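The values are calculated or read from the model by the stated rules, or taken from the named source; none is laboratory data. These numbers come from a predicted model, not from an experiment. Positions of Cβ are generated from backbone atoms using ideal geometry, with glycine treated the same way; all protein chains shown enter the neighbour counts.
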Amino acid sequence: MAAYRQGDVVFIPSSLPRTARRLEKPLKVRGETNDHILYGNYQLYRHRHRTYVVVAEESKLEHPQHDTISIPPGTYLVKRVRTYVLDNRLARMINVYRPLID
């Protein structure tokens, strides 16, 4: 089963932990500027500060800055991911202050 990504939100196929607690609210994941919202037949769960979603029927993930994507039925761990680009000065600082090994 494939992972599904829309901007800084990714749905990773997973199993649902037995002790996850069910949440009675819609899935909204804060993006950089707007929320990513899942529309469809699904159930949201929380376990140890992680969010899981069990999708019963194909659902749609929408965000104003991205194309809508379809999420097929399954169980997913929902995560935010960020991509950072270090500028050259910061990269040089890291190289200057790295530990020396004799």
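A few points about this structure:
- Every residue from the range 33-43 that is closer than 15 Å to PRO73 by Cβ and either under 16 Å from the mean Cα position of the chain (by Cα) or surrounded by 12 or more Cβ atoms within 10 Å (Cβ to Cβ) (or both): LEU38, TYR39, GLY40, TYR42, GLN43
- Residue that is at pLDDT 95 or above and loosely packed, with under 13 Cβ neighbours inside 10 Å, where the choices are ARG46, ARG22, ARG30: ARG22
- Residues located in the range 4-51, provided they are without any contact (Cβ under 8 Å) to a residue 60 or more places away in the chain, of a type in the set (A, V, I, L, M, F, W, C) and out of contact with any His (no Cβ under 7 Å at 6 or more places or on another chain): LEU16, LEU23, LEU27, ILE37, LEU38, LEU44
- The number of residues in the range 1-17 being outside any loop (DSSP other than H, G, I, E, B) and surrounded by 17 or more Cβ atoms within 10 Å (Cβ to Cβ) comes to 4.
- Any hit, the range 91-99, residues being within 13 Å of the chain's Cα centre (by Cα), modelled with pLDDT of 60 or more, of a type outside the set (A, V, I, L, M, F, W, C) and surrounded by 11 or more Cβ atoms within 10 Å (Cβ to Cβ): no
- The set of residues in the range 48-79 that are among the polar types (S, T, N, Q) and either more than 12 Å from HIS36 (Cα to Cα) or assigned to a strand (DSSP E or B) (or both) comprises THR51, SER59, THR68, SER70, THR75.
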